[in-house]
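> Mind having a look at this structure? Questions to follow.
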Ligand SMILES: Nc1ncnc2c1ncn2[C@@H]1O[C@H](COP(=O)(O)OP(=O)(O)OP(=O)(O)O)[C@@H](O)[C@H]1O
Ligand SMILES: [Mg+2]
């Protein structure tokens, strides 16, 4: 008999939340996360300033970045952040939308739970609603030629709107679209675009307007020695990973060697070894050398004399990019260089005004670099995030050859379409499907709110327009009018909506179905039950 006796199953450091407590806790967490990013949605959304414990500052409007920077404890909150991460990985844009949708779905669930609708029914309704939503957006998707530059420009523009780079958006749209069009591969019949083929480089200084598209790669260094040529045509490029020096030179002081006489400072044996190393580079036929580590002064001198342009301390990523772009292999040691492992480019040139070396006309013509300029690191980082969003949405649109209109138009269609569908279902599930439909109102509502308009009025106007069959009607966030978003050119890749619909519903369903939460406090469990 166990009556009256306490049976301990869980360890004492396991915190347990059951039933409504667990559900409530997840609802609060999801709503809190959605609330944190909600004000950034749309072109007139605000930015967030995030300060880490070490004092690093990030100013951004990007949902994924905000959620990546804040650290949360709650398991439910972590799941919502996963939604943003998945959206960022799969699509590259629409992270705020996805998270705000989860928040709305959880809010609707809260109302239903209060009415004693069982979580299983809610989950079923959400699942059916999601299926309908995907069907509706499939029908609304507009087909496009993947190389239709005009449409792609609008796609890039919509994604980059509202990211504190307004003044240069027009120019960046062109750079982003041309970069992606240059690297897109259509050999398999379908267009494929590899994110890694568009390299983004940032250089502080000058204005954002000086951003540039370079058909090739950029190394953000200068040549190692001024006696070397600044410009090499028909370049044969050697890539070496280890340092070009002898481990222990007897000459302690670092001396810049500018004449043969100064070489006498080195012992005969050292000189020979160093000469051998530089001869290995020269004998391979290379006229450009990119070295991941340092290059000893005497070697710089020998290479300069032989007319080789050499760069030292090249970042590992740049070495990888160079190998791919130039069709070269990175050799561990200079002695291993042969003509066969060199890469080729039409031109390698050190820039006059900034500390970069441009490598253009590469063997692999697909590599493209977007060089961003700006006066501060904060600005450059936010510029980079905008450009990454821009390149990703252009890639998505090219790969899927389809897009949807923005400005809350699709969401309003979803509200109405899913509600119609719900009425054909009946029973309690109908209520859950209707609640699912209502969740999409959060997007037009938030766009209106963030632009300073009356949310309810705008939603009513939108719904009226859609009820009259204007399926592209959306909110002009600059003057509050309801306009045709397709004509306005506010368009987004279909993939973005598809992903946010799927992941928001799936994570909401998962969270609602949890009725028991066991959280182990101790990080290093020693026996007992773990969840
Ligand atoms: N010119 C515009 N007029 C009206 N709505 C717009 C306009 N440009 C973009 N939008 C809308 O703004 C929303 C996107 O806002 P935002 O870019 O801030 O969030 P996100 O794409 O969901 O997340 P993130 O960009 O942070 O990953 C979409 O609903 C889009 O249709
Ligand atoms: Mg966006």
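Derivation of every value follows stated rules applied to the coordinates shown; laboratory data play no part. Since we're looking at a predicted model, the values are computed, not measured. Every residue, glycine among them, receives a Cβ derived from its backbone with ideal geometry; neighbour counts consider all protein chains shown.
> How do 182-190, 38-46 rank on mean C-beta neighbours within 10 Å, highest first? Spell out each step's value before the answer.
On the way: 182-190: 12.6, 38-46: 19.8.
Ranked by mean Cβ neighbours within 10 Å, highest first: 38-46, 182-190.
> Just how far, in whole angstrom, is the range 265-282 from the range 404-433 if you go by their alpha carbon centroids?
76 Å
> Calculate the length of the line joining the C-alpha centroid of the range 93-137 to that of the range 442-491, in whole Å.
22 Å
> Using per-residue counts of other Cβ atoms within 10 Å, averaged over each peptide, order 235-242, 278-285 from highest down.
On the way: 235-242: 22.6, 278-285: 19.1.
Averaged packing, sorted descending, gives the order 235-242, 278-285.
> Based on the Kirkwood radius over alpha-carbon pairs, what value in µm²/s does the Stokes-Einstein equation return for the translational diffusion coefficient of the range 80-209 at 37 °C and 0.692 mPa s? Walk me through the numbers on the way to the answer.
Details: Rh = 18.4 Å.
D = 179 µm²/s.
> How large is the Kirkwood hydrodynamic radius of the range 217-364, in angstrom, based on all distinct alpha carbon pairs? Let's see the in-between values first.
Values: mean 1/r = 0.0661 Å⁻¹.
Mean inverse Cα-Cα distance, inverted, gives 15.1 Å.
> Distance from the Cα centre of the range 141-159 to that of the range 320-357, in angstrom?
The two parts, judged by their Cα centres, are 35 Å apart.
> Angle between the Cα long axis of helix 455-467 and the longest principal axis of the chain, 0 to 90 degrees, nearest 10?
Tilt of helix 455-467: around 80 degrees.
> Counting alpha carbon pairs within less than 8 Å and at least 6 residues apart, what relative contact order, in whole percent, applies to the range 217-364?
On the way: 317 pairs, mean separation 58.0, N = 148.
Computed over the range 217-364, the figure is 39 percent.
> Taking the convex hull of the alpha carbon atoms in the chain, what volume per residue do you get, in Å³? Numbers along the way, then the final one.
On the way: hull volume 112.1 nm³, N = 531.
In the chain, the Cα convex hull volume per residue is 211 Å³.
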